[in-house]
Structure formats: structure tokens, C-alpha cells
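Q: Dropping a structure here in C-alpha cells format, bear with me for questions.
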Amino acid sequence: MLVATSKRIGKPAGEVYTRAGLGGDLTLGKQPAVLVVDLICGFTDPKYRLGTDLTAVVEATQRLLGVARAETVPILFTTVAYERSLGDCGIWLQKMPALAELQLSTGAAEIDERLCRRENETVVVKKGASALFGTNLLGILNSRHVDTVVLCGATTSGCVRATAVDLCQNGYPAVVPVECVGDRADAPHEANLFDMQAKYVDVVSLNDVIAYIDSIRNGVGGGEDGAVVVPDTSPKAWL
């Protein structure tokens with residue numbers, strides 16, 4: 001049941017969404033991967049035009065990656081980067097001229113070093129908002145027999161949301177640890193968490209995602225066909 005407690009979303013939105021029958025729970029599989037969308041310097045460092053201070057998001061994602069690495073859960077990163085000519089940017093550049101800073105082989109397009117990406121953790125280079133649009137990400141997920149995606153990154157209202165929609169449309173249940181996504185402003189961040197939870201993904205706490213990963217290691221089932229259901233124990237203040 002959706003309950004909107006955020007002042008920016010408001011009680012009527014929760015009531016409308018609940019009446020419409022939105023906000024069900026996904027059943028997750030037993031072979032997850034962590035997908036870190038665009039936690040690149042151009043988004044996490046305020047010195048760049050598109051950057052903002054996402055220290056809390058980076059630190060929470062660090063914690064998640066530590067658990068995933070210990071449990072040998074596959075980790076994938078994305079960056080958005082363009083040729084120097086910007087000929088591969090398309091019309092998106094008209095809406096977001098600051099994308100011109102995100103060029104291949106520049107610091108702005110590099111994964112934030114605080115995440116300590118390892119050599120075996122693939123980086124998918126994308127040109128659009130969704131991590132699936134025009135990339136080989138689906139092939140990578142299929143080849144690794146991934147059945148669930150833990151979705152992190154930036155921005156909540158942009159590339160994270162676009163990726164969430166595409167994952168749902170391609171049959172991949174996804175879970176978003178709320179501490180591991182961020183945006184440049186609170187209002188779009190909260191509004192998109194609310195709407196993604198209602199329609200496309202499960203938005204839960206980082207502790208719940210860690211418990212989900214632990215439950216796989218411990219062989220705990222509970223969902224349909226033995227699949228795992230995230231133990232949602234924390235209040236969803238963003239709903």
C-alpha cells in the first residue's frame with residue numbers, strides 16, 4: 001500500500017495511487033547483479049556543471065559494493081560519455097548543453113574513484129539516459145544469468161529512472177536501495193522515488209538489500225518457485 005508522507009508528494013498522491021492499485025511488490029530472483037548508473041565525477045563532483053555533492057550516496061554505495069564483492073555478486077557500472085566532436089550526443093545536447101563536459105577519456109566521465117572499481121567490474125558506456133538504450137547491457141546480464149538487478153546511481157529523476165523503466169519492460173525485477181541513489185535537487189528525487197516504487201521497482205532501504213543478498217547466501221527462499229522476497233522492514237518515508 002502506498003502511503004505518501006513526504007511533504008513534497010502529499011497525502012492525496014498516495015491516496016490516488018493506492019486507489020489505482022499501484023505499488024505491488026516484486027518477487028526477486030537468486031542471481032542478482034549490482035548496477036551502478038553514472039556515479040561518475042561529472043555527476044558527483046560539484047566542480048562540474050552537472051555535478052553535485054553526492055558523498056552520502058557514494059558512501060552508501062561503497063557499503064553495498066563491499067557486501068556484493070564479498071558474496072561474488074556481479075557488479076556493473078555505467079558512464080555517459082561522448083566523442084570530442086559531440087556528434088554522438090544527438091538532440092539531448094540541446095536540452096542539456098552541459099553534457100558537452102562528459103567526453104570519453106576525460107575526468108568527468110570517469111567512475112568516482114571512491115567506489116574503488118575493480119578491473120573485472122565492467123563499465124558500460126552509454127549515450128542516452130537508460131543504461132539499456134543502445135548498449136550491450138542486456139547481453140551482459142543474460143550471459144551472466146542475472147535474474148534481478150540492484151539499481152544504484154544518479155540521477156534519480158534521469159538515468160536511474162530511465163533504467164528502471166527499461167529493466168521492468170525487459171523482464172528484470174529491480175530493487176533500489178534508497179540511500180544509494182541521488183539527484184541535484186530534493187523535489188525530483190523524492191517524486192521519482194515515489195513514482196518508481198509505484199510502477200517499476202521496489203524502493204527499500206540499503207539494510208533490506210543487504211539482507212536480501214545475505215538470504216541468498218543462506219539459502220532462504222520464500223517467494224514463488226523458491227525466489228526471494230526482500231524483507232521490507234523499514235518505513236518508506238519517501239512514499
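The values are calculated or read from the model by the stated rules, or taken from the named source; none is laboratory data. Predicted, not measured: the structure shown is a model, and the values here were computed from it. Note that each Cβ is placed from the backbone with ideal geometry, even for glycine, and that neighbours are counted across all protein chains shown.
Q: Going through the stretch 124-139 one residue at a time, which ones are of a type in the set (A, V, I, L, M, F, W, C), more than 15 Å from Leu102 (Cα to Cα) and surrounded by fewer than 18 Cβ atoms within 10 Å (Cβ to Cβ)? It would help to see each step written out before you state the result.
A: Initial filter on the stretch 124-139 (of a type in the set (A, V, I, L, M, F, W, C)): 124-125, 129, 131-133, 137-138.
Checking the rest, the ones that are also more than 15 Å from Leu102 (Cα to Cα) come to 131-133, 137-138.
Those that are of a type in the set (A, V, I, L, M, F, W, C), more than 15 Å from Leu102 (Cα to Cα) and surrounded by fewer than 18 Cβ atoms within 10 Å (Cβ to Cβ): Phe133, Leu138.
Q: Is it the case that some residue within the stretch 102-112 is of a type in the set (Val, Ile, Thr) and in contact (Cβ under 8 Å) with a residue 40 or more places away in the chain?
A: yes
Q: Taking Asp53 as the residue in question, decide whether it is buried (at least 21 other Cβ atoms within 10 Å of the Cβ), modelled with pLDDT of 95 or more and not hydrophobic (A, V, I, L, M, F, W, C).
A: No.
Q: So the check is Cβ under 7 Å with 6+ separation or different chains; which pairs have a first residue in the stretch 121-148 that's without any contact (Cβ under 8 Å) to a residue 60 or more places away in the chain and under 24 Å from Ser105 (Cβ atoms) and a second one that's of a type in the set (S, T, N, Q) and in a helix (DSSP H, G or I)?
A: Ser130/Thr163; Leu132/Thr163
Q: Of Ala154, Ala98, which residue is surrounded by fewer than 17 Cβ atoms within 10 Å (Cβ to Cβ) and in contact (Cβ under 8 Å) with a residue 24 or more places away in the chain?
A: Residue meeting the stated conditions: Ala98.
Q: Going by the structure shown, is Val209 closer than 19 Å to Gln31 by Cα and part of a strand (DSSP E or B)?
A: Answer is no for this residue.
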